[in-house]
Amino acid sequence: MPRVTFTANLQRHLDAPSLEVGGARVGEVLAGVFAQKPLLRSYIVDDQGRLRRHVNVFVNATMIADRDGLSDAVRPDDEVFVFQALSGG
Amino acid sequence: MAEDLFVATRKGLFAVDGAGAQAPRSLGFLGDPVSAFLQDPRDGCLYAALNLGHFGAKLHRSEDGGASWSELPAPAFAPPGVAPDGKGGKAPSVSLIWTLAAGGADQPGRLWAGTLPGALFRSDDRGETWQLVDALWNQPSRSEWFGGGYDDPGIHSICVDPRDSRRLVIGISCGGVWRSEDDGETWTLGGKGLAAAYMPPDRVDDPTIQDPHRLAVCAAAPDTVWCQHHCGIFRSDDGGRTFVQIHDVNPSAFGFAVAVHPADPKTAWFVPAVKDECRVPVDGRFVVTRTRDGGASFEILSRGLPEETAYDLVYRHALEVDGAGETLAMGSTTGALWLGRDGGADWRLLSSHLPPISQVAFRAA
C-alpha cells in the first residue's frame with residue numbers, strides 16, 4: 001500500500017504519523033488517512049476538500065497537478081509526502 | 001480588580017496578570033496567529049481561534065484557564081459546495097475566524113463565530129459542532145459585499161442583546177450592519193446613514209457596501225450602537241437601524257477600534273489614525289479619544305502614552321473597557337500593551353515587546 005508521510009511541522013499541532021493506506025488516487029489515499037485521523041483533514045484540505053493553498057503534496061518526487069480534485073495516480077509502492085509550502089510564511 | 005488580561009497576538013495567546021505586575025506568560029499556541037479569543041462569561045471556558053499560515057483556521061477550547069487546550073472542529077462550509085458562492089467563484093471555505101461571541105445566559109452552549117468569507121456560524125454545544133447561518137449567507141445582496149483589508153468580506157462584530165438573546169447586530173467589512181430579532185432565522189439590513197466615501201456618488205449611502213470597522217453596544221442601553229467606520233465615527237440609538245455621523249473629531253475620525261462604557265451610552269473611546277491606507281498616528285502622536293456626550297465633543301487622552309513619535313495601530317478587537325467602565329486595555333500592532341485607568345485618563349505601558357496584538361480581553365471574575 002502507498003505510504004503517506006507528513007511534514008514534521010504538523011507535529012506542533014497534532015499527531016500526524018506516517019501511515020500505510022490503500023488507494024489509487026491521492027484523494028483516496030488521504031481519505032484513508034483522515035478516516036484514521038479525523039482532525040488531520042482540515043489541516044491538509046479546505047472545507048471543500050481542496051488541497052490547502054500553502055500545503056504541497058508529492059507522489060514520490062513529483063508535485064501533484066490536481067490540487068482541487070486530488071486525482072493524481074498513486075501506485076501501491078509509491079510514497080506520498082505532505083509538506084507545508086514556503087509560500088505560507 | 002478586573003485587571004488580569006488575555007492578549008491574543010500574531011505569535012500566540014498570553015496572559016498578563018495583576019495589571020502587569022508580572023511579565024506576560026504564554027497561555028499556548030506560541031508562534032501561531034490567534035485571530036479571535038473568547039472567555040465565555042457563563043462558564044469561564046476559553047476559546048482561541050487560530051489562523052495557521054499553512055494549515056487553516058482552527059479552534060481550541062480550554063476548561064482550566066488555559067492550562068490545557070483541546071481542539072474543536074472549526075466552523076466550516078459543508079462539502080461539497082452545497083452553498084456555492086454567489087459571486088460565481090469557487091465553493092467557499094472558511095479562511096479566518098475573525099470573532100467569537102457567547103450567546104445569552106438563557107442559551108447555554110450557544111456560541112457565534114464570524115468568519116472570512118462573510119459567514120456567521122452558530123454552535124449550540126460549546127463549539128463541538130457548527131452550523132452555517134443560511135439565512136444570512138443566502139442574502140441576495142451578499143453578492144455586493146467585498147473585502148475590506150482582506151480579499152474576502154468578513155464578519156468581525158457580533159452583538160447579542162442582553163435584554164433578549166435572540167436579537168443580534170453584526171458588522172461586516174464590507175457588507176454593512178445586519179440585524180436579526182429571531183436568533184438569526186431572518187435578517188434585515190440596518191446601517192442607514194452610514195456613508196462610504198470609497199464608492200461612486202450614487203452609492204455612498206448604500207447600506208449594503210458599508211465598511212463598519214467595528215461595532216460596540218452599550219450593555220445598559222443596547223439600542224446605542226457605536227460604529228468606527230472606515231469613513232468616520234457613527235452612532236445609532238435604534239439598535240443599528242439608523243446611524244448619525246459624528247463630525248469634527250480630532251485628530252482623526254479614522255480608526256479600527258471602539259469601546260463603549262457599559263453603563264453610559266454617551267461615553268465611548270476610539271484610537272485615531274491617518275486615513276485611509278497610511279494608518280499611523282496623526283503627526284506620530286499616539287492618543288486615544290473619548291467622548292462623554294454622545295459625540296458632541298471629544299477629549300484627547302495621552303497621559304502615559306508615548307511621548308516620542310510612535311507608529312502603533314490598534315486593531316478592531318484590541319481595545320476593551322472593563323465591566324465597571326473605569327479601566328481600559330489596549331494593544332497595538334507594534335506589540336505594545338497598555339492599561340488605561342480612570343476611564344483612559346491615565347495610561348500605563350504593561351509591555352512593549354509582545355507580538356502584534358489582535359485582541360485584548362479582561363479576565364472575567
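In terms of its C-alpha gyration tensor, the protein assembly as shown comes out prolate, because a/c is 1.5 or above and the ratio a/b outweighs b/c. Using a probe of 1.4 Å, the accessible surface attributed to B:T334 totals some 80 Å² when neighbouring protein chains are kept in position. Pairs of Cα atoms nearer than 8 Å and 6+ residues apart set the relative contact order; for chain A it is 38 percent. Mean partner shielding of peptide B:48-61, defined as the number of other chain Cβ atoms within 10 Å of each residue Cβ, is 5. Inter-chain neighbour count for A:38-47: the average number of beta-carbon atoms from partner chains within 10 Å of each residue's beta-carbon is 6. Taking B:K90, B:K11 and ordering them by how much accessible surface each has at a 1.4 Å probe, largest first, produces B:K90, B:K11. Distance from the Cα centroid of the range A:38-89 to that of the range B:269-339 is 44 Å (rounded to whole angstrom). Put simply, the convex hull of the Cα atoms in the range A:3-88 casts, on average, a shadow of 5.0 nm².
Apply the a/c threshold of 1.5 to the C-alpha gyration tensor of the range B:50-184 and tell me whether it is rounded, prolate or oblate. Cα axes put the range B:50-184 in the oblate bin. Could you list the GluC sites (Glu not before Pro) in the range B:296-359 that lie in coil according to DSSP, counting only those with at most 11 other Cβ atoms within 10 Å of their Cβ? Filter output for the range B:296-359: B:E307, B:E308. Could you compute how fast chain B diffuses translationally, taking Rh as the Kirkwood radius over C-alpha pairs and applying Stokes-Einstein at 37 °C with viscosity 0.692 mPa s? Give it in µm² per second. Translational D for this selection: 162 µm²/s.
Counting heavy atoms of the protein chains only and a 1.4 Å probe, report the per residue accessible area for chain A as a whole number of Å².
49
In this assembly, the B-A interface accounts for approximately 1700 Å² of buried accessible surface in total, computed with a 1.4 Å probe and without ligands, DNA or RNA. Per residue, the accessible area of the range B:305-365 comes to 41 Å², computed with a 1.4 Å probe over protein heavy atoms only. With all protein chains in place and ligands, DNA and RNA left out, the 1.4 Å accessible area ranks B:C45, B:C231, B:C278 as B:C278, B:C231, B:C45, largest first.
Using a 10 Å cut-off around each Cβ of peptide A:49-56, what is the average number of partner chain Cβ atoms that fall inside?
On the way: counts 5, 5, 0, 7, 5, 5, 3, 1.
That works out to 4 on average.
Accessible surface of the protein assembly as shown, 1.4 Å probe: 50 percent of it comes from carbon and sulfur atoms. The A:E79 and B:D17 beta-carbon pair, evaluated with R₀ = 56 Å, returns a calculated FRET efficiency of approximately 0.70. Taking the inverse of the mean reciprocal distance over all distinct Cα pairs, the Kirkwood hydrodynamic radius of the range B:267-365 comes to 13.6 Å. Ranking A:M63, B:M199, A:M1 from most to least accessible surface, computed with a 1.4 Å probe over the protein chains only, gives A:M1, A:M63, B:M199. Taking square-rooted eigenvalues a ≥ b ≥ c of the alpha carbon gyration tensor, is the range B:181-265 rounded, prolate or oblate, where a/c under 1.5 means rounded and, failing that, a/b exceeding b/c means prolate? Oblate shape, in that a/c is at least 1.5 and b/c is the bigger or equal ratio.
The values are calculated or read from the model by the stated rules, or taken from the named source; none is laboratory data. On a predicted model such as this, the values are computed, not experimentally measured, just so you know. Reconstructed Cβ throughout: ideal geometry from the backbone, glycine too, with neighbour counts over all protein chains shown. Ligands, DNA and RNA are excluded from the accessible area calculation, which covers all protein heavy atoms including side chains. Shrake-Rupley method; radii C 1.70, N 1.55, O 1.52, S 1.80 Å.
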